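The values are calculated or read from the model by the stated rules, or taken from the named source; none is laboratory data. The structure displayed is predicted, hence computed values, not measured ones. Note that each Cβ is placed from the backbone with ideal geometry, even for glycine, and that neighbours are counted across all protein chains shown. Accessible surface areas use protein heavy atoms only, side chains included; no ligands, DNA or RNA. Shrake-Rupley method; radii C 1.70, N 1.55, O 1.52, S 1.80 Å.
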Amino acid sequence: MARMTRSVAAAFLLLAAWSGPSAAQPYQFAIVPPTGESPFFQAIRDGCGERARELKSVTCVYAAPGGAEARSQAQLIRDLVKEGIDGIAVSPETMPDVTTAIDEAVAAGVPVVTFDGDQPRSHRQAFIGTNAKDFGRTLGASARRWKPKGGRFLIVTADPTLPNLAERIAGVRDALSTGWTEAKSSPLVTDGTFTDAVRMVDRALAGGNDIDLIISVGAWPMLAAEEWRALVAKYKQRIDQAQTVLVVADALPAQKALVREGLGHVLVGQRPGDMGVKAVDLLVDLKQGRKVPEVVYVGFDTFTRLDLIKAPN
């Protein structure tokens, strides 16, 4: 997922309780997202914990900047290495100091893999995530059941220079290259908050009835759930009749609940829990001297309201 607000509650409780490696728990791995607030990154943390419990010889800690945690992502990586962590999975911020910290960790003998967002110019040993261009293509193609003849579309994104978001946008455009026209104002770029992402969708809908499809290439607008409910209520008839189709990336529980209520048309969901599981498996392999693939894709799923009513979980 893309980088959002840094004003988050501290998500460092597990790390605070960590006292270093022990014989009973030979491997301790850290999940280091760019922010602890996002439920997407929390799902990755939970996947790591689930796999660790299965193996019984691994413990996961969650180290997230923001809130009461004043340290940057780069400093957290450096401190984890000093404290003897056995491996790190990081979704790197696009800052040179983070790349340097990753390289320092690897040079110190600590395996590092990236997830969700990659930093291929670093010495990280593997990337775990979604094929971003295929993901974007699926976001675009999902509107066909409502708009088989095409129409006018608009994309909502966060920082479009981030490689994974740029690839998603390219995939959307690829899928909609025939029969569709992109609005001149597209993409609308959020200022880095969930509520602003809702404002971007509102802006698109308020622009007139000529927008047939709005695609958010990240989960952001639906993560401000009450604001999203108010937005859909404002344009209820238009959305109920699929005059404008709403497609949003990711399928976190809060998003599924909204679509199940009829407050959206399609979710294309990554599998963050699987990313956490794969992070453990790759770090164990690296610790034990085995080769790992440089890129591991975990796939994604498409959900309509009918899908979610039939299978509510």
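Looking only at the range 203-255, count how many residues are polar (S, T, N, Q) and open to solvent by less than 20 Å² (accessible area, probe 1.4 Å).
3
Is there any pair linking a residue in the range 114-131 that is within 14 Å of Pro96 (Cα to Cα) to one that is of a type outside the set (D, E, K, R) and open to solvent by 10 Å² or more (accessible area, probe 1.4 Å), with Cβ under 7 Å and at least six apart or on different chains, and which?
From residues that are within 14 Å of Pro96 (Cα to Cα), the pairs are Asp118/Phe127; Asp118/Pro163; Gln119/Thr99; Arg121/Thr99; Ser122/Thr99; His123/Val106.
Working only within the range 273-286, note down all residues that are touching a strand residue (DSSP E or B) at 6+ places or on another chain (Cβ under 6 Å) and not aliphatic (A, V, I, L, M).
Answer for the range 273-286, where residues must be touching a strand residue (DSSP E or B) at 6+ places or on another chain (Cβ under 6 Å) and not aliphatic (A, V, I, L, M): just Lys278.
Rundown of residues vs (1) more than 20 Å from the chain's Cα centre (by Cα); (2) among the polar types (S, T, N, Q); (3) farther than 30 Å from Arg124 by Cα, yes/no style:
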residue: Lys256; (1), (2), (3): no, no, yes
residue: Glu261; (1), (2), (3): yes, no, yes
residue: Met275; (1), (2), (3): no, no, no
residue: Leu283; (1), (2), (3): yes, no, no
residue: Asp301; (1), (2), (3): no, no, no
residue: Leu308; (1), (2), (3): yes, no, yes
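Filter the range 279-303 down to residues that are without any contact (Cβ under 8 Å) to a residue 60 or more places away in the chain and assigned to a strand (DSSP E or B) and give me whichever is surrounded by the most Cβ atoms within 10 Å (Cβ to Cβ).
Phe303
Could you grab me the full set of residues in the range 91-149 that are aromatic (Phe, Trp, Tyr) and buried (at least 22 other Cβ atoms within 10 Å of the Cβ)?
Phe115, Phe135
Out of Ala43, Ala30, Ala101, Ala74, I need the residue that is closer than 16 Å to Lys287 by Cα and either in a helix (DSSP H, G or I) or modelled with pLDDT of 95 or more (or both). Which one?
Exactly one of Ala43, Ala30, Ala101, Ala74 is closer than 16 Å to Lys287 by Cα and either in a helix (DSSP H, G or I) or modelled with pLDDT of 95 or more (or both), namely Ala30.
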